[in-house]
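Visitor: First, the structure itself, so that you have it in front of you.
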Amino acid sequence: MNSLLRFLEKYYFLLLFLILEGFSIWLLVDHNYYQKASFGKLSRGVISVIDNQIRSISNYFHFKQTNIEFMVENVALRNEMEKLKNRLEANKSNLTDSIGSVKYTYSTAKVVNNTINKQNNFITLNVGSNEGIQSEMGVITKDGIVGVVASVTKNFSTVISLLNTNLKVSAKHSRSGTFGSLYWDGVNYRETILSEIPQHVNLTQGDTIVTSGYSTIFPPNIPLGIIEEFELKDGSFYIVKVKLLSDFKRINNVYVIKSHQAAEKNLIEKQNE
């Protein structure tokens, strides 16, 4: 109370001036049409500006609340995606033949190390013998072949990458069914070479190259890449440049393939050697 009295005492003349000035303006506007119209226009403009500012502030907080809701929803969706990933990693998918016997079993793995800038590149997976991984198992992604398992410990395995000049894969021209040998020449990590395709085969740029299925490591018809260009070598066979569908710089999750007929097939083939 004392503070209010001291304030009034200090600013008494200023407050009185403002009150009288306001009263004078009211008398002038109220009794003069021109000033009344001008003041009304001015007041409407001021009110409009204030209203726009209030609306902007309200919209800001509304958008902020909306963004928070979107963030919460995204977090929930990400959590659901992680749950689905964990469920998928715990499952296995089976490929069956026409009479229903299981030929191949797929299990998931995660890449924990990968190189692409050497002549002989390798990939490390976070699965090993504890998960049933063995050497000479095929490794693929949803886009194509990754490589072949080379060595295994209890918890890890190394894979000979398709980007390894020592690895060759049996592949075929999808449209004609003609097979050849696919290998990496150590130049471009997005391109491989398909050799041994006879000159009578009708090749076209953009044709698909897939696995032949002649090896027990990979099932047939897994897409590998598309033809970029081709040329005759020694006048009898094509050398075909194939652009890989898999981007080895972005490989994270892969599938390891177990062939349930590999041992039997390898045994009978060795008897004929």
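The values are calculated or read from the model by the stated rules, or taken from the named source; none is laboratory data. Only a predicted model underlies this, so the values are computations on that prediction, with no experimental measurement involved. A quick note on method: Cβ atoms are made from the backbone with ideal geometry, for glycine too, and the neighbour counts reach across all protein chains shown.
Visitor: Go through the residues of region 195-212 one by one and say whether even a single one is among the acidic types (D, E) and outside any strand (DSSP E or B).
Guide: Yes, region 195-212 contains a residue that is among the acidic types (D, E) and outside any strand (DSSP E or B).
Visitor: Among (1) within 24 Å of the chain's Cα centre (by Cα); (2) within 22 Å of V149 (Cα to Cα); (3) assigned to a strand (DSSP E or B), where does R250 come up short?
Guide: All conditions pass for R250, except number (3).
Visitor: Please go through region 219-228 and pick out each residue that is in a strand (DSSP E or B) and at pLDDT below 95.
Guide: Scanning region 219-228 gives a single hit, P223.
Residues checked against (1) touching a Cys at 6+ places or on another chain (Cβ under 6 Å); (2) buried (at least 20 other Cβ atoms within 10 Å of the Cβ); (3) more than 26 Å from S107 (Cα to Cα):
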residue	(1), (2), (3)
T158	no, no, no
G180	no, yes, yes
V187	no, no, yes
T216	no, yes, no
G225	no, yes, no
D234	no, no, yes
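Visitor: With respect to the numbered conditions (1) more than 17 Å from K103 (Cβ to Cβ); (2) in contact (Cβ under 8 Å) with a residue 12 or more places away in the chain, which one is the sole condition not fulfilled by F218?
Guide: Condition (1) is where F218 drops out.
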